[in-house]
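The values are calculated or read from the model by the stated rules, or taken from the named source; none is laboratory data. From a predicted model like this one, the values you see are computed outputs, not experimental measurements. Heads up, the Cβs are rebuilt from the backbone with ideal geometry, glycines too, and the neighbour counts pull from every protein chain shown. Ligands, DNA and RNA are stripped out before the accessible areas are found, and what is left, the full protein with its side chains, is counted by its heavy atoms. Shrake-Rupley method; radii C 1.70, N 1.55, O 1.52, S 1.80 Å.
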Amino acid sequence: MVAIYPGSFDPITYGHLDIIERGVKLFDRVIVAVLCNPNKQSLFSQEKRIEQIRHCTAHLDNVEVDSFTGLTVEYAKQRKARVLLRGLRVLSDFEKELQMAHTNQSLWSGVETVFLATTKEYSFLSSSVVKEIAQFGGAISHLVPENVAKDILMHYS
Ligand code: PNS
């Protein structure tokens, strides 16, 4: 079974990596799909985000990294995947995630969203938190993979 793990990944964090590493144990293949949203300003380009994810998932055989535009369910249909994988960190995530899962199901009844509870130590972690810490010169090496930390430090230096 193929699962799509869609997201912005701007940039990928250890929280995302945790979901990917656990997802590959449950599914035959996990496609990490980077949303290319022209309306949203991102820190890293789509190409850079893909490169960052490829680099830190290189140790996993059954991971593919790709990008998409438009609706996630249309991308999932195109990739013949019926499962969307998402992480849940805290209760406040649940409301947004449930709404998204219901929206996706209303668009395509064939899709299922599978939630994994993010490992407790990363429950506070988000790409935005990482960017904010880095912007003010704080340590981020415990929050993102080494290659990503380098890119972020280079950006803010
Ligand atoms: O990492 P994020 O920003 O929380 O990921 C959100 C994402 C990319 C999964 C969501 O915004 C999405 O699926 N966008 C594509 C547009 C879409 O399909 N919208 C309908 C479902 S809400």
Counting only protein heavy atoms and using a 1.4 Å probe, what share of the accessible area of the chain belongs to carbon plus sulfur, as a whole percent?
-> 52 percent
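With a 1.4 Å probe and all protein chains kept in place, how do LEU143, LEU43 rank by accessible area, largest first?
Values: LEU143 5, LEU43 40 Å².
Greatest to least solvent exposure: LEU43, LEU143.
Looking only at chymotrypsin sites (Phe, Trp or Tyr not before Pro) in DSSP loops with at most 16 other Cβ atoms within 10 Å, what is the longest site-free stretch of the chain? Kindly include the intermediate steps, with their values, before the conclusion.
Values: sites that count: TRP108, PHE124, PHE136.
The longest uninterrupted stretch comes out as 1-107.
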Let me know the longest stretch in the chain that avoids all trypsin sites (Lys or Arg not before Pro) found in a DSSP loop with at most 12 other C-beta atoms within 10 Å.
-> 81-157
Can you list the equivalent-ellipsoid semi-axes of the range 1-89, largest first and in whole Å, using the square root of 5 times each Cα gyration tensor eigenvalue?
-> 19, 16, 11
Degrees between helix 91-107 axis and first principal axis of the chain (Cα, 0 to 90, nearest 10) | 40 degrees
By how many degrees, between 0 and 90 and to the nearest 10, does the Cα long axis of helix 14-26 differ from the longest principal axis of the chain?
-> 30 degrees
List the residues whose amide H sits under 5 Å from the amide H of VAL114, counting only those 5 or more places along or on another chain, with H placed 1.01 Å from N in the peptide plane.
-> LEU84, LEU85, ARG86
Roughly how many debye, to the nearest 20, is the charge dipole of the chain about its Cα centre, given +1 on each Lys and Arg Cβ, -1 on each Asp and Glu Cβ, and no other charges?
-> 220 debye
For the chain, convex hull of alpha carbons as volume per residue, Å³ = 110 Å³
Out-of-range pairs (alpha-carbon distance over 29 Å; input LYS77/LYS150; LYS48/LYS77; LYS40/LYS150; LYS80/LYS131; LYS80/LYS150; LYS40/LYS80) = LYS77/LYS150; LYS80/LYS131; LYS80/LYS150
Cα centroid of the range 111-141 to Cα centroid of the range 54-108, whole Å = 17 Å
